[in-house]
Ligand code: HEM
């Protein structure tokens, strides 16, 4: 259990999951803040300014924690995955450099101008700055997803002397995997932004804080959440079709295809609603199946357009033909692999939880919009509904975590699909002891950062929304009298 590979994988997974709480939160929130400020600029209504500043302060902390966890994420490559870094260095260098430039320079510069620019630059310019922050952070996500997509579906490369080199930079961006992954993830950002803003507003209404400020925000959040959820569903559906063609083992494990019943071309494949698999024999121990459904979900018709292979067929195929399909892979490394099957139960259930939460999100957003209609906005006045919509803000985070588990666990045994194995990737000089130590340190660090984020957000929520305005002004480090000026009572007390 405590092997070098397992511990290094656990550490990477833990860092990714934690980092990816803050990426969608930051990008989703910055879009919501942009929307609120756009309404303020259009209507000149000071309440929209207060809303912008209230949600802006939560957005700023999320950016800060996101950048710190992103740096830890990048450390992982050098620390635990040095052979992998050597293999992909020529491919990843360009996109990761662009990503870092965008994330660190563009986002941080614009965020700084936005934070200290209130009343110092024109309203429209200030609005343009927050728009550019959103645009820059979305672009930075594109590069990191292009790199990840290359690991799922390598394109435009050549392998020379044990290293992959990029032959066609454009291929990274036109990779269908990149387009699908980017669409699926960006729409998830909208879901996060929408549900978090609506959820925070719902909790504020439950506590009867600044009722006038928060009432309209619930509906605004739900509109964005609905658009995001629908787009995300469509992109997810297309992703699954693509996975079926490019990574059939990931598809078979996520759908629990363990026998050939109904899998031939023209037949109707049943879909497993629930099931349990014996990981050693790859057999289903029990399962509840819905006839026709797998064909409908996969091919959008009741019969299969192409045959679907079960897990054992694919395992034999991979064993015999993999190096033919990827002649540039290291044959010695592939030869050692007897089991190409990813963890079946984990993939099967993470996929179902993600897809189930997608349905829940669509339903919740539609119902929420109905319950916030002008005529009878019952959601804004009913305690249990406010509580439910408050807690719903955590749903997209759970779906995102499941999504990454499907994507990354399902690529087993590869780090770069077909080309480079997990076993080949790990650093030769790390030990179980050092990995255990760094795992514990990172775990504690993440708990601390998570706690800071929660405590700070609760603190912001307890303050009157208008308060955000005064604390910004007093925090301006460029103002001449920043050090002489007396802090407003509340901030001075905290210091
Ligand atoms: C019925 C709805 C959904 C379907 C069919 C679906 C499908 C998929 C598939 C097939 C993958 C793996 C792609 C790959 O390995 O290349 C994936 C990954 C992912 N999913 Fe979903 N998904 C759905 C809903 C959601 C929801 C609601 C969220 C979050 C709010 C989400 C977030 C993610 C993320 C972050 C990934 C990893 C990035 C990626 O590979 O695209 N998904 N999804």
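Give the range 148-173 a look and list any residue that's part of a helix (DSSP H, G or I) and either surrounded by 15 or more Cβ atoms within 10 Å (Cβ to Cβ) or within 16 Å of the ligand (Cβ to nearest atom) (or both), or say none. Quick ask: steps written out before the conclusion?
Taking the range 148-173 and keeping what is part of a helix (DSSP H, G or I), we get 148-152, 169-173.
If the condition is that a residue be part of a helix (DSSP H, G or I) and either surrounded by 15 or more Cβ atoms within 10 Å (Cβ to Cβ) or within 16 Å of the ligand (Cβ to nearest atom) (or both), then 148, 149, 150, 151, 152, 171, 172, 173 are the ones that fit.
Those residues that are part of a helix (DSSP H, G or I) and more than 21 Å from the chain's Cα centre (by Cα), I need them from the range 240-257; list them, please.
If the condition is that a residue be part of a helix (DSSP H, G or I) and more than 21 Å from the chain's Cα centre (by Cα), then 244, 245, 246, 248, 249, 252, 253, 255 are the ones that fit.
Can you go through 345, 339 and tell me which one is away from the ligand (no atom under 11 Å from the Cβ) and touching a strand residue (DSSP E or B) at 6+ places or on another chain (Cβ under 9 Å)?
Answer to the check: 345.
Any idea which residue in the range 369-396 is nearest to residue 236 (Cα to Cα), counting only those that are crowded, with 19+ Cβ neighbours inside 10 Å and within 16 Å of the ligand (Cβ to nearest atom)?
Top of the filtered list is 396.
Which pairs have Cβ atoms under 7 Å, sit 6 or more apart or on different chains, and link a residue in the range 195-213 that is within 16 Å of residue 30 (Cα to Cα) to one that is assigned to a helix (DSSP H, G or I) and at pLDDT below 95?
Close Cβ pairs (under 7 Å, with a partner that is assigned to a helix (DSSP H, G or I) and at pLDDT below 95) amount to 200/461.
Quick one: would you say residue 57 is farther than 24 Å from residue 401 by Cα and either buried (at least 21 other Cβ atoms within 10 Å of the Cβ) or modelled with pLDDT of 90 or more (or both)?
Answer is yes for this residue.
Among the residues of the range 310-329, what is the count of those that are under 19 Å from residue 282 (Cβ atoms) and surrounded by 14 or more Cβ atoms within 10 Å (Cβ to Cβ)?
10
Would you point out the residue of the range 338-360, among those that are surrounded by fewer than 17 Cβ atoms within 10 Å (Cβ to Cβ) and assigned to a loop (DSSP other than H, G, I, E, B), that is modelled with the highest pLDDT?
Taking the candidates together, the pick is 343.
Given 201, 225, which one is over 14 Å from the mean Cα position of the chain (by Cα), closer than 15 Å to residue 461 by Cα and surrounded by 23 or more Cβ atoms within 10 Å (Cβ to Cβ)?
201
May I ask you to list pairs of residues, at least six apart or on different chains, whose Cβ atoms are under 7 Å apart, with the first in the range 345-364 being touching a residue at least 40 places away in the same chain (Cβ under 8 Å) and the second being outside any helix (DSSP H, G or I) and near the ligand (Cβ under 7 Å from one of its atoms)?
Filtered contacts from the range 345-364: 347/410.
Any residue in the range 220-239 that is modelled with pLDDT of 95 or more and outside any helix (DSSP H, G or I)?
Scanning the range 220-239 turns up no residue that is modelled with pLDDT of 95 or more and outside any helix (DSSP H, G or I).
Take the conditions free of Cβ contacts under 8 Å to residues at least 60 places away in the same chain, within 23 Å of residue 403 (Cα to Cα) and either part of a helix (DSSP H, G or I) or away from the ligand (no atom under 11 Å from the Cβ) (or both) and apply them to residue 145. Does it pass?
Against the criterion (free of Cβ contacts under 8 Å to residues at least 60 places away in the same chain, within 23 Å of residue 403 (Cα to Cα) and either part of a helix (DSSP H, G or I) or away from the ligand (no atom under 11 Å from the Cβ) (or both)), residue 145 qualifies.
Does any residue of the range 461-469 turn out to be surrounded by 14 or more Cβ atoms within 10 Å (Cβ to Cβ), modelled with pLDDT of 90 or more and in contact with a helix residue (DSSP H, G or I) (Cβ under 8 Å, 6 or more places away or on another chain)?
Yes: one or more hits.
Results for (1) under 29 Å from residue 349 (Cα atoms); (2) modelled with pLDDT of 95 or more; (3) within 16 Å of the ligand (Cβ to nearest atom); (4) within 21 Å of the chain's Cα centre (by Cα), shown as yes or no for each residue.
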site: 403; (1), (2), (3), (4): yes, yes, yes, yes
site: 410; (1), (2), (3), (4): yes, yes, yes, yes
site: 429; (1), (2), (3), (4): no, no, no, no
site: 440; (1), (2), (3), (4): yes, yes, no, no
site: 444; (1), (2), (3), (4): yes, yes, no, no
site: 459; (1), (2), (3), (4): no, no, no, no
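Might you check whether a residue that is surrounded by fewer than 16 Cβ atoms within 10 Å (Cβ to Cβ), over 22 Å from residue 409 (Cα atoms) and in contact (Cβ under 8 Å) with a residue 40 or more places away in the chain occurs anywhere in the range 330-337?
no
The values are calculated or read from the model by the stated rules, or taken from the named source; none is laboratory data. Bear in mind the structure is a predicted one, so any value in this text is a computation, not a measurement. We place every Cβ from the backbone using ideal geometry, glycine too, and count neighbours over all the protein chains shown.
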